[in-house]
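Student: I'd like to ask some things about the structure below.
The values are calculated or read from the model by the stated rules, or taken from the named source; none is laboratory data. Predicted, not measured: the structure shown is a model, and the values here were computed from it. Because the Cβ atoms are built from the backbone with ideal geometry, glycine has one as well, and the counts that use them run over all protein chains shown.
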Amino acid sequence: MTDLTGVADEGRSLLYLRPSIQQEDLGGLIRANGWQVDTASDIQHANKLLSGNQYRVGLVHVDGLNHELIDAEEMLATQNSIAWVALANADSLRQGNLCRLIHENFVDYFTLPIAAGMQQLFSTLGHAYGMACLKQHSQREQSFDDYEMVGSSDQMKQLFISIRKVAVVDAPVLISGESGTGKELVARAVHERSRNKKGPFVAVNCGALPENLVNSELFGHEKGAFTGAAQRKIGWIEAADGGTLFLDEIGDLPLEMQVNLLRFLQEGTIERVGGTQTIPVKTRVVAATHVDLSRAVEQGGFREDLFYRLNVLNLHSPPLRERGEDIELLARFFFKKFKVDAGRQVNGFTRKSLEAINRHPWPGNVREMINRVRRALVMCDGRMVTPVDLGLADSCENALVLTLEQAREQAEAQTIRSALTRNNHNISRTARELGVSRVTLYRLLNKHDLVPESDQ
């Protein structure tokens, strides 16, 4: 049970951002009240502390942020699990930009000087700590396990947060990610947390639609519309009325058919093939792709206007190789899920199996993980799953000849990939996090054949 009186429990940590030495230093008084306080002198210093520590509460002198306002907004927005409390001079509260910053990102604020109100500040910090704990616990309890979206990595935590944010907004969503990363699971999670959750969830694989039947499949057709149309057919878009339409592999939709989809997104109406009636359809459109649509637009393979219609809100489903600790977590999750397939008692993975699982690059991502674990449970002859059962015996053999230099190269590439993902492929922020210059980061990207999604 969390104490909300302001008396700090052991281990309570607080980030104290004090950009100017001219500002009143409250760090010592807060420490004397039982808090562990880390002080940052600017946004860059604060971000370094945030990357290596976990804080529930942050205390910020907002007066000193005028020159770092954009960076401050970005930090506060991305660290929304922290309960932020502001300190400001009375004159600052007349500035519109600082008022907006406080209103949008802070749970409370205090006017300086604060000497007479320290006890109230301690109480507020304690309450903020308690509310942050409750928020974190609440988010943890909102499990995504129903959709096999299991993960505790930073990438997945950010994805879960983003899903909750976009789900409540009635706007198109574009999900990017490699094949096998679970983009449909992301779409289902968005649907189940949306206002349309009681409506149907209709999934359409655009890459599997016969080119000559795309219009009929998406928009439906009337009886006699073409040879073989023996009766009226309701299309996938109309079937999703009142719910969510998931268009998987939208990048494979033929170019000449994209204009019809664009018209539906603009007008919210369809016409069945061979029909003349305009039919209103209200559905949330969620699209997914494993290709770079912006590049496809540049190459003329995808309509630019349709791209911008679909890419209102975007989510990224990270590849398994970038999810670190999630790899073994997922293996154990699917082992438990499919254990019954073994038809006999299988107790778990051998140590070498876990080593092989963590070493494997998983080009097929989560889909490959599911297939290997299911096959292993069927093929396993003993009580423990071996690398051979998983089809990963080669990974164990290759590990024996891995040189120290190769290990360093792999670790360096993985660190850069993870940093890019955490920073949404922003080059400047990634370079800052890694402690290198932009020039050095570009050199490392070329060295490891890594291509950022954006250059900002």
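Student: Among the numbered criteria (1) buried (at least 17 other Cβ atoms within 10 Å of the Cβ); (2) of a type outside the set (Lys, Arg); (3) in contact with a Lys or Arg (Cβ under 9 Å, 6 or more places away or on another chain), which one does residue 250 miss?
Tutor: (3)
Student: Please work out which one of (1) out of contact with any Leu (no Cβ under 9 Å at 6 or more places or on another chain); (2) over 14 Å from residue 390 (Cα atoms); (3) crowded, with 16+ Cβ neighbours inside 10 Å is the condition residue 355 fails and give its number.
Tutor: Evaluating residue 355 over (1) out of contact with any Leu (no Cβ under 9 Å at 6 or more places or on another chain); (2) over 14 Å from residue 390 (Cα atoms); (3) crowded, with 16+ Cβ neighbours inside 10 Å leaves (2) as the failure.
Student: If you don't mind, another one. When residues of the range 78-101 are filtered for being among the β-branched types (Val, Ile, Thr), in contact with a Phe, Trp or Tyr (Cβ under 9 Å, 6 or more places away or on another chain) and free of Cβ contacts under 8 Å to residues at least 60 places away in the same chain, how many remain? Lay out the reasoning, then the answer.
Tutor: Quick first cut of the range 78-101, residues among the β-branched types (Val, Ile, Thr) only: 78, 82, 85.
This time we only want the ones that are in contact with a Phe, Trp or Tyr (Cβ under 9 Å, 6 or more places away or on another chain), so: 82, 85.
Adding the requirement that they be free of Cβ contacts under 8 Å to residues at least 60 places away in the same chain leaves 85.
Selection size over the range 78-101: 1.
Student: While we're here: Take the residues of the range 337-370 that are assigned to a helix (DSSP H, G or I) and either aliphatic (A, V, I, L, M) or outside the structural domain of residue 382 (by TED's automatic domain parsing) (or both): which is modelled with the lowest pLDDT?
Tutor: Here is the first cut: in the range 337-370, the ones assigned to a helix (DSSP H, G or I) are 337-342, 351-359, 365-370.
Imposing the further condition that a residue be either aliphatic (A, V, I, L, M) or outside the structural domain of residue 382 (by TED's automatic domain parsing) (or both) reduces the set to 340, 342, 354, 356-357, 366, 369-370.
Numbers: 340: 80, 342: 75, 354: 90, 356: 92, 357: 93, 366: 92, 369: 94, 370: 93.
Filtering the range 337-370 for residues that are assigned to a helix (DSSP H, G or I) and either aliphatic (A, V, I, L, M) or outside the structural domain of residue 382 (by TED's automatic domain parsing) (or both), the one modelled with the lowest pLDDT comes out as 342.
Student: Ok, one more. Could you check the range 64-74 and list, in sequence order, the residues that are modelled with pLDDT of 85 or more and either of a type in the set (Lys, Arg) or surrounded by fewer than 21 Cβ atoms within 10 Å (Cβ to Cβ) (or both)?
Tutor: Taking the range 64-74 first, the residues modelled with pLDDT of 85 or more are 72.
Correct list: empty.
Student: Here is a follow-up. Output yes when any residue across the range 315-333 is of a type in the set (Gly, Ala, Ser) and within 16 Å of residue 373 (Cβ to Cβ), and no when none is.
Tutor: Yes: one or more hits.
Student: Just checking, how many residues over the range 112-152 are closer than 20 Å to residue 334 by Cα and at pLDDT 85 or above?
Tutor: 0
Student: Further, regarding this structure: On the basis of being within 26 Å of the chain's Cα centre (by Cα) and either buried (at least 22 other Cβ atoms within 10 Å of the Cβ) or aromatic (Phe, Trp, Tyr) (or both), does residue 106 make the cut? Talk me through it step by step, then tell me what you get.
Tutor: Numbers: within 26 Å of the chain's Cα centre (by Cα): yes; either buried (at least 22 other Cβ atoms within 10 Å of the Cβ) or aromatic (Phe, Trp, Tyr) (or both): yes.
In short, yes.
Student: Just a yes or no: is a residue in the range 202-225 part of a strand (DSSP E or B), touching a residue at least 24 places away in the same chain (Cβ under 8 Å) and of a type in the set (S, T, N, Q)? Don't jump to the end; show me each part of the working.
Tutor: The initial filter retains those residues of the range 202-225 that are part of a strand (DSSP E or B), namely 202-205, 221.
Within this subset, residues satisfying the condition of being touching a residue at least 24 places away in the same chain (Cβ under 8 Å) are 202-205, 221.
With the extra rule that they be of a type in the set (S, T, N, Q), the set shrinks to 205.
Looking for residues that are part of a strand (DSSP E or B), touching a residue at least 24 places away in the same chain (Cβ under 8 Å) and of a type in the set (S, T, N, Q), one finds at least one in the range 202-225, hence yes.
Student: Additional query: How do the helices (runs of 4 or more DSSP H) wholly within the range 228-321 filter down when requiring 1 or more residues that are farther than 14 Å from residue 217 by Cα and of a type in the set (Gly, Ala, Ser): which remain? Steps first, answer last, please.
Tutor: Working: elements: 236-239, 255-267, 293-298, 304-310.
By residue number, 293-298.
Student: Mind telling me which of the residues 12, 18, 31 ends up being out of contact with any Leu (no Cβ under 7 Å at 6 or more places or on another chain), within 21 Å of residue 93 (Cβ to Cβ) and modelled with pLDDT of 85 or more?
Tutor: 18
Student: Among all residue pairs at least 6 apart or on different chains, which show Cβ distances below 6 Å where the first residue, located in the range 265-293, is closer than 10 Å to residue 238 by Cα and the second is among the acidic types (Asp, Glu) and surrounded by fewer than 21 Cβ atoms within 10 Å (Cβ to Cβ)?
Tutor: Listed pairs, sorted by first residue: 272/222; 281/238; 281/241; 283/241.
Student: Checking the conditions here, which among 159, 101 is outside any strand (DSSP E or B), closer than 21 Å to residue 78 by Cα, assigned by TED's automatic domain parsing to the domain that holds residue 248 and modelled with pLDDT of 85 or more?
Tutor: Values: 101 fails: assigned by TED's automatic domain parsing to the domain that holds residue 248.
Result of the check over 159, 101: 159.
Student: For residues that are among the hydrophobic types (A, V, I, L, M, F, W, C) and modelled with pLDDT under 75, scanning just the range 383-417, find the one that is surrounded by the most Cβ atoms within 10 Å (Cβ to Cβ). Break it down into steps so the answer makes sense when it comes.
Tutor: Of all residues in the range 383-417, those among the hydrophobic types (A, V, I, L, M, F, W, C) come to 384-385, 388, 390, 392-393, 396, 399-402, 404, 407, 411, 413, 416.
When the remaining residues are screened for being modelled with pLDDT under 75, the result is 396, 399-402, 404, 407.
Details: 396: 16, 399: 13, 400: 6, 401: 7, 402: 11, 404: 7, 407: 11.
Checked the range 383-417; the qualifying residue surrounded by the most Cβ atoms within 10 Å (Cβ to Cβ) is 396.
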